[in-house]
Amino acid sequence: MVSHKSHRLEIKGILQDYYQDRFPHLEGELITGLSHIDAGWESDIYAFNLIKQDGHQQELILRLYPGIGGYEKSGREFSNLELLQNHGYPVPIPLILERDNSPFAVPFIIIEKIPGRTLWDPLFSAAANRQQELIDRFCDLFVHLHQLDTSEFIVRSPGGSGANAGSLLI
């Protein structure tokens, strides 16, 4: 059985090689702080830092899609993030979608890492008035999401028309 540490080192090495191949102007150790965030039936998620040429670190997320339909799921997620971002919705910036030439042998995306926590911890530990502010903000974002024009989130099949011509991206 492969240990978690050796698996992280393998992922880090693949990421390092990927960035050096894709961005040859970047040199030295590019990937630091790799940590496994979550694994599920749909994707494995890692956080890491990319050391940029100016020495600054960019915090990023790697999502691997190992399961059935990973090719489509990775493309849908990347496209949806782009569409949501273009509409001013607060989502991580999608940076890389790699499906056909993945060095991981499964499709993946790389997106920016958004600092913060899940809603539940601050919500349940906050004072009542702060809880209401957080719930109001969450509801405002939810309303904004549902006011978006969903026609942009539909992928049309080539040559198709009508209700069955596309599939919803989300």
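The values are calculated or read from the model by the stated rules, or taken from the named source; none is laboratory data. This structure is a prediction, so every number in the text was calculated from the model and none was measured. Here the Cβ positions follow ideal geometry from the backbone for every residue, glycine too, while neighbour counts run over all protein chains shown. For accessibility, only protein heavy atoms count, side chains too; no ligands or nucleic acids. Shrake-Rupley method; radii C 1.70, N 1.55, O 1.52, S 1.80 Å.
Descriptive notes on the structure:
- Entry remark, region 60-75: residues being assigned to a helix (DSSP H, G or I) and either touching a residue at least 12 places away in the same chain (Cβ under 8 Å) or open to solvent by less than 20 Å² (accessible area, probe 1.4 Å) (or both) number 5 in total.
- Every test in (1) assigned to a helix (DSSP H, G or I); (2) under 11 Å from the mean Cα position of the chain (by Cα) is passed by Pro92 save one, and that test is (1).
- From the list Gln57, Gln16, Gln85, the one residue that fits, being at pLDDT below 95, in contact with a strand residue (DSSP E or B) (Cβ under 6 Å, 6 or more places away or on another chain) and open to solvent by less than 80 Å² (accessible area, probe 1.4 Å), is Gln16.
- Within region 30-54, the set of residues being surrounded by 12 or more Cβ atoms within 10 Å (Cβ to Cβ), out of contact with any strand residue (DSSP E or B) (no Cβ under 7 Å at 6 or more places or on another chain) and among the hydrophobic types (A, V, I, L, M, F, W, C) comprises Ala39 only.
Each row is one residue, and each column tells you yes or no for (1) assigned to a strand (DSSP E or B); (2) in contact (Cβ under 8 Å) with a residue 40 or more places away in the chain; (3) over 13 Å from the mean Cα position of the chain (by Cα); (4) within 30 Å of Leu141 (Cβ to Cβ).
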site	(1), (2), (3), (4)
Ile11	no, yes, yes, no
His25	no, no, yes, no
His36	yes, no, yes, yes
Glu82	no, no, no, yes
Val106	no, yes, yes, no
